[in-house]
Amino acid sequence: MTGPTAAAAAGPILAVRDLRVQISGRRGTVRAVDGVSLDVVRGEALGLVGESGSGKSMTLRAILGVLPPDARVTSGQILLDGADLVPLSQSALNRIRGPKIAMIFQEPMSALNPVMRVGHQIAEGPRVHLGYSRSKAAERALDLMRRVGIPDPERRFRAYPHEFSGGMRQRVMIAMALSCDPEIILCDEPTTALDVTIQDQILRLLARLCRESDVSLIFVTHDLPVVAQICQRVAVMYGGQIIEHGDTRDILLDPRHPYTLGLVRSAPDVEQVRESLVPIPGSPPSLVSPPPGCRFHPRCSFAEEDCRVMPTPLRLLPGGRSTACLHYERCAEALAAEQVTP
Ligand SMILES: Nc1ncnc2c1ncn2[C@@H]1O[C@H](COP(=O)(O)OP(=O)(O)OP(=O)(O)O)[C@@H](O)[C@H]1O
Ligand SMILES: [Mg+2]
């Protein structure tokens, strides 16, 4: 059996189960990730969206095992090919980063060594993790530079990161991420710092390379049109939790959570039915002492008494999607009402 059906039957590459990350801060313990579960199957791109501070980066950093010093995983599992990464030591994680999981950050300069030639940085992973000789690793780096569209790779191999433009640096990061044939690449807003034309080129490149190599992606972004462009599925985070997830089209065109509806309304281009952009009123919840019940209820125009007190775990809906909203049908009603309004 081949193709997506086989992959789905084989189970997810990555399964995150009830992950919690806490950060000790001056004003108390920040519950930055508070019970996140997600699955990624081989070759798929999962989008992770939500307002600033909702826990997207912390989720990725926990998966990669690179949390900031004050942060720690307090419970949950991160199963990569069925094996839990949470209890692993840093040296065991070092053996996984590169050949199994790679990450691409928003600002490539922070991940690149400014005083090391670019070609050598790309070649380092294959040397360390795959045991390649110096010359074989250099050949691999040149090949990757060609694949990611860096012109004149033989000359560029010897250049330093500051000699590259932002877009070219992000191509270098993609080459590095792919260099040890990982199963999954975690992308934290990799194109946000680039101008729109370059952003589009990088996204197409990333999507194509991952398709060709059957690599899975988790793609964090604020940009819903970007999710629509490259992600088959999307998970929406609010206040450290996933509050809705499912197929990208379902979620973005027909949300079943008022927060997602708010995101879609405040984003250009996703939904052509609306002309004006409507920001979500209010501000994100405190992650030190989040509101009881649904964390979105103080900002939600559909909220009822039960939303203030009832726990709101994700519930499976028909079609394989899920929502944490107790009154999700109100979204469909609101959308239907708007569509008949001239
Ligand atoms: N080093 C830190 N110390 C204390 N709190 C932190 C630290 N880094 C992040 N946080 C808090 O953890 C929560 C989750 O942050 P995270 O960076 O994951 O958000 P995000 O969804 O990636 O936001 P953005 O879209 O702005 O990148 C936020 O409330 C943030 O204030
Ligand atoms: Mg972030």
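The values are calculated or read from the model by the stated rules, or taken from the named source; none is laboratory data. Values in this document were obtained by computation on a predicted structure and should not be read as measured data. With ideal geometry, Cβ positions are generated from the backbone for all residues, glycine too; neighbour counts draw on all protein chains shown.
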So if I check each of V148, V118, V172, V128, which one is of a type in the set (V, I, T), surrounded by fewer than 20 Cβ atoms within 10 Å (Cβ to Cβ), under 29 Å from I63 (Cα atoms) and in the same structural domain as C210 (by TED's automatic domain parsing)?
V128
In region 159-186, the residues that are within 17 Å of R147 (Cβ to Cβ) and assigned to a strand (DSSP E or B):
I185
Given (1) part of a loop (DSSP other than H, G, I, E, B); (2) free of Cβ contacts under 8 Å to residues at least 12 places away in the same chain, index of the condition P255 fails:
(2)
Which of (1) exposed (fewer than 14 other Cβ atoms within 10 Å of the Cβ); (2) part of a loop (DSSP other than H, G, I, E, B) does Q106 not meet, given it meets every other one?
(1)
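For the subset of region 42-63 comprising residues that are more than 10 Å from ligand 2 (Cβ to nearest atom) and assigned to a helix (DSSP H, G or I), which member is farthest from A83 (Cα to Cα)?
Restricting to residues being more than 10 Å from ligand 2 (Cβ to nearest atom) and assigned to a helix (DSSP H, G or I), the top hit is A62.
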Keeping to region 192-220, report how many residues are under 21 Å from S165 (Cβ atoms), part of a loop (DSSP other than H, G, I, E, B) and touching a residue at least 60 places away in the same chain (Cβ under 8 Å).
2
Let me confirm something: among D81, D18, D39, which residue is without any contact (Cβ under 8 Å) to a residue 40 or more places away in the chain and either of a type in the set (D, E) or within 16 Å of ligand 1 (Cβ to nearest atom) (or both)?
D39
Conditions first: (1) of a type outside the set (V, I, T); (2) assigned to a helix (DSSP H, G or I); (3) more than 19 Å from L194 (Cβ to Cβ); (4) touching a residue at least 40 places away in the same chain (Cβ under 8 Å). D143 passes all but one, so which condition is the exception?
(4)
Residue pairs meeting the criteria (Cβ under 7 Å; at least 6 apart or on separate chains; first over 15 Å from P68 (Cα atoms), in region 23-34; second at pLDDT 95 or above)
R27/V288; G28/V288; D34/R20; D34/G240; D34/Q241
